[in-house]
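Report on the following structure.
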Amino acid sequence: MVIFTPHKSFAMARSKAAAVKNASAARAAAEGKAAAPPPAGKAKRRRGRLWRTNWLRECKAMQRATDNLVPFKSMSDLFREVAQGIIGESGSVRWNKEALKLLQAESEQFMTELFERANNYVVNSKRVTLRSCDVLSAHRDMQREARRLATLI
């Protein structure tokens, strides 16, 4: 029994599984048997994106977005809770919706700048993991810069 194999220049690259399938089909054809048809109802599975690329897509989508990162309701609840803790149970504070939106935008801007600076500390120290000391150092630097700018005014 001789199985025809094409010359190397004509052969295309194929995976081991495909080569085994084709070799068994060639053997079956040489013996005079018909090749078995693929099982009915089993469609070829379409693979989705790798999980490793999802985080990058999400980061790029967040960078393109102009809306707030934290939902408005949860942030306003946090602001109200902090204000209630400062004022106490005796007084109540009423909030304007535009004031809450402005406060949320400024707090998100502050957090973004804080994490950018902390990330610079991480990269500078040739690490990958963000630690609490990086965030504290970045916060300390921001406070120093605010004090320096206040003296210039």
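Within region 111-135, the set of residues being outside any loop (DSSP other than H, G, I, E, B) and under 22 Å from residue 70 (Cα atoms) comprises 111, 112, 113, 114, 115, 116, 117, 118, 119, 132, 135. For region 89-129, the candidate set comprises residues that are of a type in the set (D, E, K, R) and surrounded by 14 or more Cβ atoms within 10 Å (Cβ to Cβ); within that set, the residue that is farthest from residue 143 (Cα to Cα) is 101. The set of residues in region 59-73 that are modelled with pLDDT of 85 or more, surrounded by 10 or more Cβ atoms within 10 Å (Cβ to Cβ) and part of a helix (DSSP H, G or I) comprises 60, 72. Across region 74-88, the qualifying residues are those that are of a type in the set (A, V, I, L, M) and more than 33 Å from the chain's Cα centre (by Cα), and the one among them that is surrounded by the most Cβ atoms within 10 Å (Cβ to Cβ) is 83. Would you check if there is a residue in region 76-95 being in a loop (DSSP other than H, G, I, E, B), among the β-branched types (Val, Ile, Thr) and modelled with pLDDT under 85? The answer is yes, given that some residue of region 76-95 is in a loop (DSSP other than H, G, I, E, B), among the β-branched types (Val, Ile, Thr) and modelled with pLDDT under 85.
The values are calculated or read from the model by the stated rules, or taken from the named source; none is laboratory data. Just so it is clear, the model here is predicted, and its values are computed rather than measured. Backbone-built Cβ (ideal geometry, glycine too); neighbour counts: all protein chains shown.
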